[in-house]
Amino acid sequence: MGSANGLVSVQGKQPLFSFGVISDVQYADIPNGQSFMGVPRYYRHSIHVLQRAVQKWNNLQKLKFVVNFGDIVDGFCPKDQSLNAVQKIVDEFKNFDGPSYHMIGNHCLYNLPRNMLLPLLNIPSFEDRAYYDFSPTPTYRFVVLDGYDISAIGWPSDHPKTLEALKFLREKNPNLDKNSPVGLVGLERRFLMFNGAVGKEQMEWLDCVLQDATKLKQKVVVCCHLPLDPGTLSPEALLWNYDEVMDVIHKYNCVKVCLSGHDHKGGHSIDSHGIHHRVLEAALECPPGSDAFGYIDVYDDRLTLSGTDRMESTDMIFNP
């Protein structure tokens, strides 16, 4: 990963634009806890991390927008508080002096069904789909994927996408507890209920968007709550069909960087086609007095992440 010193000297020129990033706030008004691996989680403190992020982003006075990489509240949030908790965090994002772009994560869907969640997050939606794209400048396009398109959480229990996900999990994971990777080997450990997949329609949409971006000579940044490259992290956090999604992406030369959350410790890799994959460190796991957020300066030939505290700064250089 890039050092802070290396980040200062990006050819001494101004970025095309800049944007803020944060992931896995997972706020809940409950006492501190820990992950199944024993990593401490600071449910009440995470909103303060977000507040300091918004203050920093506003003070910079140069950010065009911010992106929240999902899991806005935690699954342990009491269900009678879910709606208020989501609204509380959304309101903090509204204190930013510009637009905020959201995506859904598994913890969002533990709390609220899609038809309630998507309007709260201002995600442009048709039939509760949560994938979309936007162009902050003519030369760049951001593609936001819905990693829980095929999922056992978030859709009604009798929805075709729920049934497809449950059938898939029965075939891939022999454990009674479908969130358990026991007995699964290597990359098979991603076949867990807290992950999901990109469906056929979304895959066709992605292909069309990347075709269009290629025609317009746009560089593309792909954003998804679930990581898309096994080199970044533990396999337990990967999108079920990351390989199929990357097969579509690798058909084109326009995608330069894939950004995601979900795996709280973060990571960075460069795949066989030169695409950077950066998994962002979680706000949830910041002890009081520490932070995990940042902002990204965008240039013709790189994205430069300036991280705060537990979010590591990273220089992502690519062929323009």
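The values are calculated or read from the model by the stated rules, or taken from the named source; none is laboratory data. No experiment lies behind these values; they were computed from the predicted model shown. Because the Cβ atoms are built from the backbone with ideal geometry, glycine has one as well, and the counts that use them run over all protein chains shown. Ligands, DNA and RNA are stripped out before the accessible areas are found, and what is left, the full protein with its side chains, is counted by its heavy atoms. Shrake-Rupley method; radii C 1.70, N 1.55, O 1.52, S 1.80 Å.
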For segment 156-187: of the residues being among the acidic types (Asp, Glu) and assigned to a loop (DSSP other than H, G, I, E, B), which is farthest from TRP240 (Cα to Cα)? ASP158
Quick test for you: out of PHE93, PHE134, pick the one residue that is free of Cβ contacts under 8 Å to residues at least 60 places away in the same chain, within 22 Å of LYS64 (Cα to Cα), surrounded by 17 or more Cβ atoms within 10 Å (Cβ to Cβ) and among the aromatic types (Phe, Trp, Tyr). PHE93
Got a number for residues in segment 178-202 being within 15 Å of TYR148 (Cβ to Cβ) and not basic (Lys, Arg)? 12
Any idea which of (1) of a type outside the set (Val, Ile, Thr); (2) under 21 Å from GLY199 (Cα atoms); (3) open to solvent by 20 Å² or more (accessible area, probe 1.4 Å) is the one ASP300 doesn't satisfy? (2)
Residue in segment 50-76 that is surrounded by the fewest Cβ atoms within 10 Å (Cβ to Cβ), counting only those that are small (Gly, Ala, Ser) and within 24 Å of ARG114 (Cα to Cα): GLY75
Name the pairs: first residue in segment 296-309 and at positive phi, second residue open to solvent by less than 20 Å² (accessible area, probe 1.4 Å) and of a type in the set (Ser, Thr, Tyr), Cβ to Cβ under 6 Å, at least 6 apart or on different chains? ASP309/SER290
Scope segment 229-256; condition part of a helix (DSSP H, G or I), among the hydroxyl-bearing types (Ser, Thr, Tyr) and either modelled with pLDDT of 95 or more or surrounded by fewer than 19 Cβ atoms within 10 Å (Cβ to Cβ) (or both); matching residues: TYR242
Which is open to solvent by 90 Å² or more (accessible area, probe 1.4 Å), free of Cβ contacts under 8 Å to residues at least 60 places away in the same chain and of a type in the set (Gly, Ala, Ser), of SER151, SER157, SER180? SER157
Of all residues in segment 102-122, which are touching a Leu at 6+ places or on another chain (Cβ under 9 Å) and open to solvent by 30 Å² or more (accessible area, probe 1.4 Å)? MET116, LEU120
One residue is enough: does segment 51-60 have a residue meeting the conditions part of a loop (DSSP other than H, G, I, E, B) and either touching an Asp or Glu at 6+ places or on another chain (Cβ under 8 Å) or modelled with pLDDT of 95 or more (or both)? no
